[in-house]
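The values are calculated or read from the model by the stated rules, or taken from the named source; none is laboratory data. Being a predicted model, the structure only gives us computed values, none of them experimental. Heads up, the Cβs are rebuilt from the backbone with ideal geometry, glycines too, and the neighbour counts pull from every protein chain shown. Calculation scope for accessible area: heavy atoms of the full protein, side chains included, ligands and nucleic acids excluded. Shrake-Rupley method; radii C 1.70, N 1.55, O 1.52, S 1.80 Å.
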Amino acid sequence: MSKLGDLGAKLYRGEVGYDFVGKRFLWYGVSILITITAIVAVAVQGLNMGIEFKGGAVFTTPKTSVSVAKATEDAEAASGHDAIVQELGTGGLRIQISGVDTAAASDVKKQLATDLKVNEADINADLVGPSWGSQIANKAWTGLGIFMVLVVIYLAIAFEWRMAVAALIALIHDLTITVGVYALVGFEVTPGTVIGLLTILGYSLYDTVVVFDGLKEGSKDITKQTRFTYSEVANRSINGTLVRSINTTVVALLPVGALLFIGGGFLGAGMLNDISLSLFVGLAAGAYSSIFIATPLVVDLKEREPAMKALKKRVLAKRAGAAAKDESADDGHATDAGDAPEAVAPGRPGRRR
């Protein structure tokens, strides 16, 4: 068995583990700081909305010897607006200009033909009105709202309302961070971005449900035992699925990272940037929130119940009694041996029975 597989088996059996739940206030602090940074970035810098949302024109030219930098200058001079120019595999250019209306598009097209030394008839112009972009944005918000409502209903039925609330907060956390990154790096927000955002919600929810399923199974009839508190069972559930979550996230991030850093960075494929950045950031944030946010939130909500408070009190009382009994037994052995140091048995504080 590989070392990672052996570690996963030990985590699943509870032989080793990290106290994720016990340090939850540290994770909360980190998440709040990141979330505030994302909100400030959106408020200060705003989002770079694509022409699909604010209207504009896209001109596709045939092969030309004019450089991208020169074409950008010419397009901005002809339209009076910022332009984004990309070189196509055919040697032509894709010129995207926001804010150009239908009336001005024909004049811009004519000027571009002159500056780029191509025939005007060979330039393809696609116009996008701001009203169409507004409709797309409204539909995206509607789809997101419906998705959130269905998620809450499903989790409340399949698990319980506390898990539904925790999962909803985790999803909002992931969305906020992803949108904040878009504001910081200045990538365009396009329909591809919206698709990526909706996709990462599914991944994030999957990781969260896996942990919740283990927690549901482990906490069954939990009040009938006195070995573990609810927070300890939750922590065991996180550790039990930790390696699985890491493997799933890494496998998903590898191809997305290739799209973002190789396809978008080195090859300059702008459309790949739109969807790959949201996927990359969202997948990482989703894996983080399922471990450090969602389950600890469930613990905070669950341990407010009188039954869980009583269980925790019984568990701690039994451990204190066991520790006192062990200490008394160790003192008795030392006395029987004439208080000889070499005869003292090593103590075993906290032994569970």
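Whether any residue in the stretch 60-72 is charged (D, E, K, R), touching a residue at least 24 places away in the same chain (Cβ under 8 Å), in contact with a strand residue (DSSP E or B) (Cβ under 8 Å, 6 or more places away or on another chain) and more than 14 Å from GLY180 (Cβ to Cβ) is what I want to check.
Looking for residues that are charged (D, E, K, R), touching a residue at least 24 places away in the same chain (Cβ under 8 Å), in contact with a strand residue (DSSP E or B) (Cβ under 8 Å, 6 or more places away or on another chain) and more than 14 Å from GLY180 (Cβ to Cβ), one finds none in the stretch 60-72, hence no.
Just the residues that are open to solvent by 30 Å² or more (accessible area, probe 1.4 Å), closer than 16 Å to VAL189 by Cα and outside any loop (DSSP other than H, G, I, E, B), please, taken from the stretch 42-52. If you could, list the steps in order and put the result at the bottom.
Our first condition is that a residue be open to solvent by 30 Å² or more (accessible area, probe 1.4 Å); within the stretch 42-52, this holds for 42-45, 47-49, 52.
Among the residues that remain, those that are also closer than 16 Å to VAL189 by Cα are: 42-43, 45, 47-49, 52.
The answer is VAL42, ALA43, GLN45, ASN48, MET49, GLU52.
Return the pairs, sorted by first residue and then second, in which the second residue is among the hydrophobic types (A, V, I, L, M, F, W, C) and part of a loop (DSSP other than H, G, I, E, B), the first residue lies in the stretch 22-41 and is open to solvent by less than 80 Å² (accessible area, probe 1.4 Å), the beta carbons are less than 9 Å apart, and the residues are 6+ apart or on different chains.
TRP27/PHE20
Okay, residues lined up against (1) over 24 Å from the mean Cα position of the chain (by Cα); (2) open to solvent by 20 Å² or more (accessible area, probe 1.4 Å); (3) closer than 30 Å to ILE238 by Cβ; (4) small (Gly, Ala, Ser):
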residue	(1), (2), (3), (4)
ALA137	no, yes, no, yes
TRP161	no, yes, yes, no
ALA170	no, no, yes, yes
GLY180	no, no, yes, yes
PHE187	no, yes, no, no
LEU205	no, yes, yes, no
VAL209	no, yes, yes, no
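Would you mention how many residues in the stretch 189-203 are open to solvent by less than 40 Å² (accessible area, probe 1.4 Å), among the hydrophobic types (A, V, I, L, M, F, W, C) and part of a helix (DSSP H, G or I)?
Within the stretch 189-203, residues that are open to solvent by less than 40 Å² (accessible area, probe 1.4 Å), among the hydrophobic types (A, V, I, L, M, F, W, C) and part of a helix (DSSP H, G or I) number 4.
Just give me the residues in the stretch 72-92 being β-branched (Val, Ile, Thr), more than 16 Å from ALA113 (Cα to Cα) and either more than 37 Å from the chain's Cα centre (by Cα) or not in a strand (DSSP E or B) (or both), in sequence order. Show your work before the answer.
Filtering the stretch 72-92 for residues β-branched (Val, Ile, Thr) gives 72, 84-85, 90.
If we keep only those that are more than 16 Å from ALA113 (Cα to Cα) as well, we get 84, 90.
If the condition is that a residue be β-branched (Val, Ile, Thr), more than 16 Å from ALA113 (Cα to Cα) and either more than 37 Å from the chain's Cα centre (by Cα) or not in a strand (DSSP E or B) (or both), then THR90 is the only one that fits.
Report, ordered by the first and then the second residue, all pairs with beta carbons closer than 6 Å, sequence separation of six or more or different chains, a first member in the stretch 91-110 that is at pLDDT below 80, and a second member that is of a type in the set (Ser, Thr, Tyr).
Close Cβ pairs (under 6 Å, with a partner that is of a type in the set (Ser, Thr, Tyr)) amount to VAL100/SER79.
Can you tell me which residues in the stretch 142-162 are of a type outside the set (A, V, I, L, M) and either more than 16 Å from ASP213 (Cβ to Cβ) or assigned to a helix (DSSP H, G or I) (or both)? Lay out the reasoning, then the answer.
Our first condition is that a residue be of a type outside the set (A, V, I, L, M); within the stretch 142-162, this holds for 142-143, 145, 147, 154, 159-162.
Residues satisfying the conditions are THR142, GLY143, GLY145, PHE147, TYR154, TRP161, ARG162.
Could you list, in sequence order, the residues of the stretch 259-288 that are over 19 Å from ILE84 (Cβ atoms) and either open to solvent by less than 20 Å² (accessible area, probe 1.4 Å) or modelled with pLDDT of 80 or more (or both)?
Residues satisfying the conditions are LEU279, PHE280, VAL281, GLY282, LEU283, ALA284, ALA285, GLY286, ALA287, TYR288.
Does THR226 count as crowded, with 19+ Cβ neighbours inside 10 Å and under 20 Å from GLY22 (Cβ atoms)? Give the derivation first.
Working: crowded, with 19+ Cβ neighbours inside 10 Å: no; under 20 Å from GLY22 (Cβ atoms): yes.
Considered against the rule, which asks whether it is crowded, with 19+ Cβ neighbours inside 10 Å and under 20 Å from GLY22 (Cβ atoms), THR226 comes out as no.
I'm trying to understand the selection: among the residues of the stretch 54-71, which are open to solvent by less than 30 Å² (accessible area, probe 1.4 Å) and outside any loop (DSSP other than H, G, I, E, B)? Outline the logic, then answer.
The initial filter retains those residues of the stretch 54-71 that are open to solvent by less than 30 Å² (accessible area, probe 1.4 Å), namely 55-59, 61, 64, 66, 71.
Result: GLY56, ALA57, VAL58, PHE59, ALA71.
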